[in-house]
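The values are calculated or read from the model by the stated rules, or taken from the named source; none is laboratory data. This is a predicted model, so every value here is computed, not measured. Here Cβ is always computed from backbone atoms with ideal geometry, including for glycine, and neighbour counts include all displayed protein chains. Keep in mind that these areas ignore ligands, DNA and RNA; they rest on the heavy atoms of the full protein, side chains included. Shrake-Rupley method; radii C 1.70, N 1.55, O 1.52, S 1.80 Å.
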Amino acid sequence: IEDVRLRLNDAMSLLPESDTWHRRLSGEHEAILEGIRSRDAGAAEQAMDLHVAASELSVRALLSAIRRRLRS
């Protein structure tokens, strides 16, 4: 996980931050932590999968926006 995060760090740092974004991210992290705390591997894994998928969508949207701007 750390390796992936380090590789994406530059792109992730370009994502616009907002209260909505922070609430979503906090909720995702809380769901992961709750799965770990309750020792429910399935719940933790599902929460992590959702978090990774949401992060991927955010980075892909950012990269698409950058590509569109560069083409303009």
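Listed here are the helices (runs of 4 or more DSSP H) enclosed by the chain that have at least 1 residues being among the hydroxyl-bearing types (Ser, Thr, Tyr) and at pLDDT 85 or above: 19-37, 41-71.
The set of residues from the range 18-33 being open to solvent by 80 Å² or more (accessible area, probe 1.4 Å) and charged (D, E, K, R) comprises Asp19, Arg23, Arg24, Glu30. Scanning the range 7-17 for residues that are touching a residue at least 12 places away in the same chain (Cβ under 8 Å) and open to solvent by 100 Å² or more (accessible area, probe 1.4 Å) turns up just one, Leu14. Here the range 34-65 is the region considered, the condition is being under 19 Å from Glu17 (Cβ atoms) and in contact (Cβ under 8 Å) with a residue 12 or more places away in the chain, and the residue that is most open to solvent (accessible area, probe 1.4 Å) is Leu63. For the range 15-48, filtering for residues that are closer than 30 Å to Ile66 by Cβ and touching a helix residue (DSSP H, G or I) at 6+ places or on another chain (Cβ under 6 Å) leaves 6.
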